[in-house]
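The values are calculated or read from the model by the stated rules, or taken from the named source; none is laboratory data. Since this is a predicted model, take the numbers as computed values, not measurements. Here the Cβ positions follow ideal geometry from the backbone for every residue, glycine too, while neighbour counts run over all protein chains shown.
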């Protein structure tokens, strides 16, 4: 059975971080070991929350316990998301090293959560530079949004040509596969939003209808990174694997968003959408652009 270690935040209520990643990974049939970087009552977008941030030593101790119990040789991938500070980041990369020592074929999927178009950076000072200079180069798969891609690649991303130049620059730093989310390009339809995947075998993009929300739900990026990793583990990251993973991921995101819109909630409707996450009722086809 495919085994993933997911190192992310945790909330008691709602679906962000590990709460947006672990359940859908399990519904797809993967074994998941969740290591939480924080435990909050709810995500910080509500303004008020309670809970605690865990230390880097806490993360290392939890992994120590897992390793002593079952070992790390069966782990196929590590998934990471929001990193609160550099200490947490270093603990994540230490975990990746330990997993890869036990299983050199294991993948590291880094979701470089830092900011977004219109909001700018929302992480602590120094984290974007640390992510760019340390985490991304160690990853096999990175899943930035358009804003994060521009920063990591050191160039503006407005057109498709810009995006492809940026993903090439990012892959030159080490990652084999780059998935860009929330892609809005100049001169293209406003009622659709795109994803782009760039891999050694080529680049493909896909667009899905933009679903409007009164308050957009948090956690969509966490869910998307988890889905793309799951489908990449099944399809592989060479040849046609990345485009198949892109199509399956985009379909799952569209289904989750449609369920969330119908529910009228600011939290992702993860439970209601669970069967459509596993078997989407829409079939999407990506366009090859390189």
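Summary of values
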read-out	value
Residue count, region 69-117 (criterion: at negative phi and assigned to a loop (DSSP other than H, G, I, E, B))	19
Answer residue from region 169-220, given it is assigned to a helix (DSSP H, G or I) and touching a strand residue (DSSP E or B) at 6+ places or on another chain (Cβ under 7 Å) and is surrounded by the fewest Cβ atoms within 10 Å (Cβ to Cβ) among those	171
Counted residues, region 246-290 - those being part of a helix (DSSP H, G or I) and under 13 Å from residue 202 (Cβ atoms)	1
Test: residue in region 280-288 that is out of contact with any strand residue (DSSP E or B) (no Cβ under 6 Å at 6 or more places or on another chain) and either buried (at least 19 other Cβ atoms within 10 Å of the Cβ) or free of Cβ contacts under 8 Å to residues at least 24 places away in the same chain (or both)	yes
Odd one out for residue 238, checked against (1) at pLDDT 95 or above; (2) surrounded by fewer than 21 Cβ atoms within 10 Å (Cβ to Cβ); (3) assigned to a loop (DSSP other than H, G, I, E, B)	(1)
Members of region 47-92 that are crowded, with 20+ Cβ neighbours inside 10 Å and farther than 22 Å from residue 19 by Cα	72
Every pair of residues 6+ apart whose Cβ atoms lie under 9 Å, when the first sits in region 12-34 and is free of Cβ contacts under 8 Å to residues at least 60 places away in the same chain and at positive phi while the second is in a helix (DSSP H, G or I) and crowded, with 19+ Cβ neighbours inside 10 Å	29/230
Qualifying positions in region 22-59 - closer than 21 Å to residue 215 by Cα and not in a loop (DSSP other than H, G, I, E, B)	40, 44, 45, 46
Candidates 44, 50 - the one that is free of Cβ contacts under 8 Å to residues at least 24 places away in the same chain and in contact with a strand residue (DSSP E or B) (Cβ under 8 Å, 6 or more places away or on another chain)	50
Members of region 221-233 that are over 23 Å from residue 114 (Cα atoms) and out of contact with any strand residue (DSSP E or B) (no Cβ under 7 Å at 6 or more places or on another chain)	231
Residues located in region 121-140, provided they are free of Cβ contacts under 8 Å to residues at least 40 places away in the same chain and touching a helix residue (DSSP H, G or I) at 6+ places or on another chain (Cβ under 8 Å)	121, 128, 132, 136
Test: residue in region 98-111 that is over 26 Å from residue 236 (Cα atoms) and either within 17 Å of the chain's Cα centre (by Cα) or free of Cβ contacts under 8 Å to residues at least 40 places away in the same chain (or both)	no
Residue in region 142-165 that is touching a helix residue (DSSP H, G or I) at 6+ places or on another chain (Cβ under 6 Å), assigned to a strand (DSSP E or B) and in contact (Cβ under 8 Å) with a residue 24 or more places away in the chain present	yes
In region 1-21, the residues that are surrounded by 15 or more Cβ atoms within 10 Å (Cβ to Cβ) and part of a loop (DSSP other than H, G, I, E, B)	2, 14, 15, 16, 17
Residues (surrounded by fewer than 15 Cβ atoms within 10 Å (Cβ to Cβ) and either modelled with pLDDT of 95 or more or under 14 Å from residue 7 (Cα atoms) (or both)) located in region 96-128	97, 101, 102, 104, 105
